[in-house]
Amino acid sequence: MNRALKRISIAILAMFLLLLINVNYLQGFETSSLAARPFNVRAVSADNQYQRGNIETADGVQIASTTPSNDIYKYLRTYANGPVYAPITGYDSIYSSTGVEHAEDSLLSGTGSQLAFRNFIDMITNKPQKGATVQVTISSKAQLAAYQGLQSVLQNTGRVGGVVALNPSTGAILAMASFPSYDPSKLATHNGTALNKYDEQLLRQKPSPLLNNATQTTLPPGSTFKIVTSSAWFAAGATRNPNSMVDSPQVLTLPQTTNKLHNDNNEVCGNAGATGQTTILWAFSQSCDTTFGNLGMDLGGGALKNQADAFGMNDANLGIPGVTVAPSQYITPPSLPLTAFSAIGQFDDTVTPLQEAMFSAAVANGGTLMTPYLIQQVTASDLSVVDSTQPKQLSQAVSPAVANNVKQMMEAVTQQPQGTGFAFNANNEGGIVIAGKTGTAQNALNGASPNPDAVFTAFAPADNPKIAVGVILQGAGYGAQAAAPVAVAVIKAYLATLGIQ
């Protein structure tokens with residue numbers, strides 16, 4: 001009997017020691033992990049006992065703020081014009097957070113180490129603790145124009161689209177709109193039943209409103225990829241310029257196959273004739289597929305991939321705090337015929353609207369591609385600056401000389417009568433010269449429409465660029481007809497804030 005009691009006593013002691021070790025481990029090493037768990041009610045309650053900091057645009061528009069709450073929490077998060085800004089703010093709910101709300105949570109909630117001294121002063125002076133204000137780089141005018149443009153084309157279609165606008169010289173994101181979207185305020189509610197109902201509704205909805213189509217959805221670039229192809233071609237020859245002559249057959253015979261490459265509607269490229277030549281500027285402005293398919297085969301898939309990489313494609317490490325980014329991809333084709341199709345954006349190359357904006361931003365900035373960023377600065381309740389983002393270079397996409405050559409060709413797209421974007425010349429846009437490239441991507445994967453995807457990328461003013469824009473509209477048709485008007489509206493809205501009209 002004594003031996004049995006002894007065994008039981010030893011077993012109980014061992015379990016007690018294990019329990020003691022576990023408790024101490026959790027308290028000493030797992031504190032942060034436990035506090036961050038979405039269903040930790042105490043952490044959520046503590047987070048809502050202080051006034052959360054605001055999120056505001058670069059021009060001072062509050063897009064996320066808090067109001068007093070009459071339930072178990074002291075404050076309720078609210079979002080102004082929620083669906084417009086959802087890809088930026090994300091949401092802060094009792095279960096989880098996304099977007100800037102997640103990326104800057106410690107500062108917004110007032111618990112970040114950078115605010116420790118400020119919180120100490122507030123405690124001494126008996127002031128309530130308050131979170132920091134996060135200012136994003138977004139222009140409210142450009143953002144609203146982007147969202148309204150997407151809505152006007154895609155409402156009730158079951159298709160998706162995105163717009164991104166960048167400051168070419170800094171990389172600051174001026175607009176980032178996605179469609180379809182959602183209302184973050186309905187996810188910030190303290191009513192768990194209502195929250196779950198709306199969350200389930202969003203999860204059932206197809207296509208998903210929770211996906212940021214501006215940075216996460218990748219689709220074929222179509223003819224906008226000719227920016228990459230022409231850049232590689234200019235870089236391969238020091239004496240090449242927009243007036244250099246290139247082969248522009250009406251029909252391009254592809255090696256190793258019986259397939260042939262035709263221009264849109266089987267048209268002749270400029271004055272080249274059935275087997276003649278024309279300038280690369282004319283071929284670019286008219287978007288001749290046979291010309292660039294031929295150039296792609298001459299350059300080879302390796303050269304095209306190197307140039308695509310320099311523009312930011314295939315970069316899995318492109319991290320933007322507050323933004324989830326899917327890498328745009330250029331996959332080296334296994335054959336010459338497929339290289340011809342990849343050179344016109346119609347093989348396996350896929351891009352996001354962000355990448356489209358990066359194409360134009362690099363050209364507009366003399367070949368230097370800046371790292372995109374969304375968070376401008378963070379200020380404490382006493383208005384002292386806690387943190388700020390400094391622009392930095394991502395890559396040297398092309399040389400200044402190549403950038404100037406491509407710029408001239410992008411201007412011809414809108415300024416020359418043969419240009420696919422001639423409808424958006426300076427005479428129609430209040431004197432603003434827009435340099436751009438249209439794209440119409442045949443995409444068997446869009447599933448929602450027999451129409452091609454509409455793509456457009458541009459920057460303006462051409463002689464002193466302040467904004468670069470990328471637009472992709474799934475299944476919306478021709479880039480010049482569907483995507484370009486959205487980009488132009490964003491450009492005009494932003495430039496108007498600078499007094500440029």
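Just so you know, all these numbers are worked out from the coordinates, no wet-lab data involved. Everything numeric here is computed off the predicted structure, so don't read it as measured data. In this analysis, Cβ positions are derived from the backbone assuming ideal geometry, glycine residues included, and neighbour counts consider all displayed protein chains.
Miscellaneous remarks
- Too-long pairs where the Cα-Cα distance tops 29 Å, listed order kept, from LYS206/LYS407; LYS130/LYS186; LYS206/LYS492; LYS141/LYS186: LYS206/LYS407; LYS206/LYS492
- Expressed as a whole percent, the proportion of Cα-Cα pairs in the stretch 208-291 lying more than 15 Å apart is 64%.
- Each helix, a run of at least 4 DSSP H residues, gives -39500 (n - 2.57); summed and divided by the residues of the chain, these come to -11000 deg cm²/dmol at 222 nm.
- Within-14-Å neighbourhood charge of THR89 [Cβ basis; K, R +1; D, E -1]: -3
- The chain: antiparallel DSSP beta bridges as a percent of all, rounded to 5: 95 percent
- Calculated SAXS-style log₁₀ I(q)/I(0) at q = 0.12, 0.20, 0.24 Å⁻¹ - the stretch 155-227, Debye, Cα scatterers: -0.47, -0.96, -1.13
- Rounded if a/c under 1.5, otherwise prolate or oblate - the stretch 185-230, Cα gyration tensor axes: prolate
- Projecting the Cα atoms of LEU336, PHE424, VAL325 onto the dipole axis of the stretch 320-443, where Lys and Arg carry +1 and Asp and Glu carry -1 at the beta carbon, places LEU336 farthest toward the positive end.
- Cα-based shape type of the stretch 167-317, given that a ≥ b ≥ c are square roots of the gyration tensor eigenvalues and the cut on a/c is 1.5: prolate
- The relative contact order of the chain comes to 16 percent, based on Cα pairs under 8 Å that sit 6 or more residues apart.
- Local charge for ALA340 was computed over the other residues whose Cβ lies under 12 Å away, with Lys and Arg +1 and Asp and Glu -1, and equals -1.
- Local net charge near ILE138, Cβ-Cβ under 12 Å (Lys/Arg +1, Asp/Glu -1): -1
- Hull-based mean projected area of the chain, where the convex hull spans the alpha carbons, in square nanometres: 32.1 nm²
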